[in-house]
Amino acid sequence: MKPLFVSIILASASPVALAQLGGDGAAIRAVSAAEQAAMSGAAVSAPLPNAIETAVMSDWFEAELNGEMGESVSEVARRAYIQRMFQPIWTRQGAESLQNAAGDLFEHGLASDEVLDSDLEQLIDKRFSAGSEDEQAEADLALTAAWLRIASAVSGGLSDEGKAATSGYGSAKMALVSKKLLEAGQGRTLSFQDFESGYPQYAALKGALAQYRDIRDAGGWLAIPEGESVEAGDSDPRIPAIRERLSVEGYIEAPESNEQMLLADAGKLQNVSVEERNPEAGGDRRTNLFATKSIKTSAADPMLYSEDLVEAVQTFQQRHGIEPDGVIGPKTLSALNESVESKIARIADSMERWRAQGPADAHYIWANIPSYTVEGWNGDAREISMKSVVGMKSRETPTFNDEIEYTVANPRWYAPVSIVAKDKLPKLRRDPSYAQRANFKIYDRSSGAEVSAYSVNWNDPSSASNYRLVQQPGSSNALGQLKIIFPNQYSIYLHGTPSTHLFDRAERAFSSGCIRLEQPEKMAEWVASYDGDERLNEVRDALSTTRNTRVDFQGRMPIHITYMTVTVNDDGTVNFWRDIYDRTEGIRQVERMSPIGQTASTQTVEATERG
């Protein structure tokens, strides 16, 4: 069913169903085809607006978009054509700019053939050269649909006004969509910048994407052969290749140029000629070759795992979520051998996940699972950052967005039934005094009465659900000194922990799903500071006592719990975190490991072309 105002326009308009509102919005008059053409700045015959009107008002956009976007997107397109009096939206200049803009999808980690289902060049030719008005009209509408698809892809999903996008959060408002669509069609401006994610990490990832594509185009890197772990001071024939590999990503100064190739054969390395390493010069792709095209020979022993290389490896480990011990073991070698194509795909995946967050919040908490970090952001500034512990693989922390409502100082911990069954029953069966040592009170769920741990048959599996274990505030409390609550279906929240030694580890997936903070008190104070000094002082006062105290926030601080395997530091350096939950969905399938015996730029032609 069409909106009432559309029905009025159609009922009172000329055969072309054209109308124009007066300056005060009260007067409605019919407009002739000649007047319409004059207003659009182009001589268009009446049959073309007739054809456009017929298509627009017969639900062409609903059929074309077929549920791809929010319900109101089709209505916005329809209103745009009504505003244009059913004149074509697209001038040749606008259409050609749209074709150029489609190529810019590459910068967002998107492939144009995955966003668009039409050939824009053919549509442009059809729009301005087709023999019939019906064909020209359909081509104009198809160009509009293409613009909408690009805007939707860049923004993470166009949404209905006032509603959340399918990605989970609100996206571009329809008024902006209509305005930018009409501007684009007339060739005034065609930029999708207004639809890009406003989160600083998105722009940083965009730069990282270009950086790693440059690395790929320059040849990337080749794999380092497997072997024994290498420690500082060791001598290993793979050291020149490792030095070269790290120089490609800028972890160490590039060695001086030396056209040399090393052959890994049964653990022995030999010199190989340029002709042998270059397939185009008669080399053999089947041999286990790996590049050391610029080995530095200034050291007394080029195969020595020297101090400068150890430092470079430690930095590499830090940025890849590996214990920075400087030892080149299996995990470090695997990270070194990840292909440049895989890193590009992971950057693009993280960009897609940021687009799914919707419009950027003014200030927010960002808890990223793979990096084990929780940060507080104000606009473009990272104001607070700390380490975190996340859910173990068997109890994964979910990803979602929410709003923080309150914090509790000196909290009690109401142990979930699942944790009681898995973790606490075995301990209570061995020794009921565990309850007192761990500061638990036990309550009969049916009566609410407190009971002694010695009076319960902990060998009965149903005791986990029949009795509630409540850990009292104190130094042993599983939640530490404070918890930060944003009520959600997963029962996930931020909290402290008495097991502070875990923050010294590089890999920190140890919790039962909730996120433990290294400095929960500082995070609560940061949130409270946006409520003003009074709320900040309330939090500080609550923390200064041993009483269980709840402090409600007036404002609602957004929190984003995400799974980004790539993040960018303030200095532009890029981190590639381990995929701790093996969440490969959404990541384009490419060769995950670098090849041995060919350059990275030749490994996956299709992936290279598609970006």
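The values are calculated or read from the model by the stated rules, or taken from the named source; none is laboratory data. Just so it is clear, the model here is predicted, and its values are computed rather than measured. FYI the Cβ positions are ideal-geometry reconstructions off the backbone, even for glycines, and counts take in every protein chain you see. Accessible surface is based on the protein model in full, side chains and every heavy atom, while ligands, DNA and RNA are left aside. Shrake-Rupley method; radii C 1.70, N 1.55, O 1.52, S 1.80 Å.
Kindly check whether there is at least one residue in region 272-293 that is within 26 Å of Pro324 (Cα to Cα), modelled with pLDDT of 50 or more and open to solvent by less than 70 Å² (accessible area, probe 1.4 Å). Scanning region 272-293 turns up no residue that is within 26 Å of Pro324 (Cα to Cα), modelled with pLDDT of 50 or more and open to solvent by less than 70 Å² (accessible area, probe 1.4 Å).
Among the residues of region 407-419, those that are open to solvent by less than 40 Å² (accessible area, probe 1.4 Å) and at pLDDT 95 or above comprise Thr407, Val408, Ala409, Asn410, Pro411, Trp413.
Being without any contact (Cβ under 8 Å) to a residue 12 or more places away in the chain, within 27 Å of Asp582 (Cβ to Cβ) and of a type outside the set (A, V, I, L, M) is the requirement here; does Ser394 meet it? Judged against the criteria, Ser394 is a match.
Just one of the numbered conditions (1) touching a residue at least 24 places away in the same chain (Cβ under 8 Å); (2) under 25 Å from Asp402 (Cβ atoms) is not true of Ala464: (2). Contact annotation: residue pairs with Cβ atoms under 6 Å, 6 or more positions apart or on different chains, pairing a residue in region 342-371 that is over 24 Å from Tyr530 (Cβ atoms) with a partner that is of a type in the set (A, V, I, L, M) and open to solvent by 10 Å² or more (accessible area, probe 1.4 Å), are Ser342/Val590; Ala345/Ile587; Ala345/Val590; Asp349/Ile587; Pro370/Ile580.
Pairs are defined by a Cβ separation below 8 Å, a sequence spacing of at least 6 or placement on different chains, a first member in region 36-65 that is open to solvent by 60 Å² or more (accessible area, probe 1.4 Å), and a second member that is at pLDDT below 90 and part of a loop (DSSP other than H, G, I, E, B); the pairs so defined are Met39/Val31. Candidates in region 467-503 are the residues that are open to solvent by less than 50 Å² (accessible area, probe 1.4 Å), under 11 Å from Asn410 (Cβ atoms) and of a type in the set (Gly, Ala, Ser); of these, the one that is farthest from the chain's Cα centre (by Cα) is Gly474. Residue pairs whose Cβ atoms lie under 8 Å apart, sitting 6 or more positions apart in sequence or on different chains, and linking a residue in region 136-148 that is open to solvent by 10 Å² or more (accessible area, probe 1.4 Å) to a partner that is not in a helix (DSSP H, G or I), are Gln136/Pro88; Gln136/Ala130; Ala142/Ser118.
Would you confirm whether any residue within region 508-529 is touching a Lys or Arg at 6+ places or on another chain (Cβ under 7 Å), within 28 Å of Ala102 (Cα to Cα) and at pLDDT below 95? No, every residue in region 508-529 fails to be touching a Lys or Arg at 6+ places or on another chain (Cβ under 7 Å), within 28 Å of Ala102 (Cα to Cα) and at pLDDT below 95.
Out of curiosity, is Gln83 of a type in the set (S, T, N, Q), at pLDDT below 50 and either open to solvent by 60 Å² or more (accessible area, probe 1.4 Å) or touching a Lys or Arg at 6+ places or on another chain (Cβ under 7 Å) (or both)? Spelling it out, it is not the case that Gln83 is of a type in the set (S, T, N, Q), at pLDDT below 50 and either open to solvent by 60 Å² or more (accessible area, probe 1.4 Å) or touching a Lys or Arg at 6+ places or on another chain (Cβ under 7 Å) (or both). Kindly indicate whether Ile89 is under 23 Å from Arg188 (Cα atoms) and modelled with pLDDT of 95 or more. Yes, satisfied. One residue alone among Ser371, Ser334 is crowded, with 20+ Cβ neighbours inside 10 Å and hydroxyl-bearing (Ser, Thr, Tyr), and that residue is Ser371. Scanning region 423-444 for residues that are of a type in the set (D, E, K, R), closer than 16 Å to Gln471 by Cβ and open to solvent by 50 Å² or more (accessible area, probe 1.4 Å) yields Asp423, Lys427, Arg437, Lys441. Taking region 526-587 as the region of interest, the strands (runs of 3 or more DSSP E) fully inside it that hold 1 or more residues being within 22 Å of Ile404 (Cβ to Cβ) and open to solvent by 40 Å² or more (accessible area, probe 1.4 Å) are 549-562. Taking Ser499, is it out of contact with any Leu (no Cβ under 7 Å at 6 or more places or on another chain), under 30 Å from Lys422 (Cα atoms) and of a type in the set (Ser, Thr, Tyr)? Spelling it out, Ser499 is indeed out of contact with any Leu (no Cβ under 7 Å at 6 or more places or on another chain), under 30 Å from Lys422 (Cα atoms) and of a type in the set (Ser, Thr, Tyr).
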